[in-house]
Structures are given as structure tokens and as C-alpha cells.
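Each value in this text was obtained by applying a stated rule to the coordinates, not by laboratory testing. Treat the numbers as computed from the prediction; the structure is a model and nothing was measured. Cβ placement follows ideal geometry from the backbone for every residue including glycine, while neighbour counts extend to all protein chains displayed.
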Amino acid sequence: MHAQRSQGFTLVELLIAISIVAILLAWAWPSFQDSLRSNRVATSANELIATMSLARSEALRSPQGGRVCTSEDGLRCGGDWSKGWIVWTDRNADGAPAGDEVMRYVPAPAQVDLSASANAGSATQFRFDARGRVADGNAREFVLQPQQCQSGAEQVRRIVLAATGQLRLRRAACP
């Protein structure tokens with residue numbers, strides 16, 4: 001009679017395999033989290049650029065111009081950029097989206113802080129004129145960064161909207 005050995009893993013082999021997988025996961029997890037944060041910021045930056053491009057193209061084809069403003073609910077202007085934003089055309093020339101066509105609503109980006117500043121004029125609302133320029137002639141700068149921004153990590157995006165309507169995007173390190 002031959003002694004038959006069972007096929008499969010021993011408990012010791014299984015524990016060693018689980019230990020190796022746990023070590024590899026612990027080593028890769030921070031890098032994975034950084035990638036997720038960077039992708040969230042890049043996605044939000046692309047959404048903002050697409051929004052401004054839509055408003056600018058609408059302004060070129062419509063005498064009312066294209067408008068962009070912060071919006072928490074997609075119906076009214078107000079709040080800050082981290083809560084969301086809309087693109088709309090001011091067909092009744094009242095400066096508010098009520099009763100007008102809201103062309104795009106972008107809800108709050110997940111786990112991304114977004115702030116804006118303007119040389120002069122409003123940083124929360126602006127309009128493109130029929131030539132595709134910012135109507136009040138003032139540049140704006142938008143800064144997007146993950147809520148948990150590790151110092152030195154290149155996860156910040158800065159978008160500059162020039163008075164001419166041109167957009168520039170550049171990456172920056174977390175403070």
C-alpha cells in the first residue's frame with residue numbers, strides 16, 4: 001500500500017501566502033490613495049474646463065452670452081465652487097438663471113476643495129460676451145486640491161481664465 005498525500009495547501013503555506021499579500025497591500029495602499037486623490041482633482045478640473053468651454057461657445061453663438069456661476073442645487077446661483085456650478089444663458093437679461101435655460105449643472109466634486117479668486121469683479125459668477133471674452137474684463141483663478149492634500153504631492157490644479165477667455169491649466173504641489 002502506498003501512502004497517499006492529500007492535494008492542497010497546508011495551514012502554514014496558507015498563512016505565509018496571506019502574510020505576503022498583507023505586506024504587499026500595506027506597501028501599495030498609500031500610493032493607491034495618492035492616485036485616487038490625483039484622479040479626483042483631475043476629473044474635477046476637466047469638468048470645470050468643459051463647463052467654461054461650453055459657456056464660451058454658447059456666448060459665441062448667442063447674443064445673450066454664456067454665464068457660469070456657483071450653485072448648490074442647479075437652479076439658482078449662490079454658494080461656493082466646492083458646492084457645484086451651472087452654465088446658463090440669460091435670455092431674459094435679469095442676471096439670474098430663474099426662467100432661463102440651464103445648460104449644464106455640475107454637482108459638488110467629491111473630496112475636492114475648489115476655490116476661486118478674481119482680480120476684480122465676482123469670483124462666484126461671470127459671463128462671456130459675444131466675442132468669447134470675459135465680459136467684465138477680469139481674469140479668474142481656480143484652485144482645486146484634494147481635501148487630504150499631502151505636503152509636496154503634485155495634486156493641486158490651477159486653472160487661470162484670462163480676460164480673453166483663454167484657459168490655462170497647470171499642476172502644483174500641495175502646500
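Summary of values
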quantity: Among (1) in contact (Cβ under 8 Å) with a residue 24 or more places away in the chain; (2) more than 19 Å from S53 (Cα to Cα); (3) surrounded by 14 or more Cβ atoms within 10 Å (Cβ to Cβ), the one test that G121 misses; calculated: (1)
quantity: For A98: the one exception among (1) surrounded by fewer than 17 Cβ atoms within 10 Å (Cβ to Cβ); (2) under 18 Å from the mean Cα position of the chain (by Cα); (3) of a type outside the set (K, R); calculated: (2)
quantity: Test: residue in the stretch 110-118 that is farther than 30 Å from Q33 by Cβ and touching a strand residue (DSSP E or B) at 6+ places or on another chain (Cβ under 9 Å); calculated: yes
quantity: In the stretch 129-163, the residues that are assigned to a loop (DSSP other than H, G, I, E, B), within 17 Å of P175 (Cα to Cα) and either in contact with a strand residue (DSSP E or B) (Cβ under 8 Å, 6 or more places away or on another chain) or not small (G, A, S) (or both); calculated: Q147, Q148, C149, Q150, E154, Q155
quantity: Some residue of the stretch 40-54 being more than 22 Å from V112 (Cβ to Cβ) and among the aliphatic types (A, V, I, L, M); calculated: no
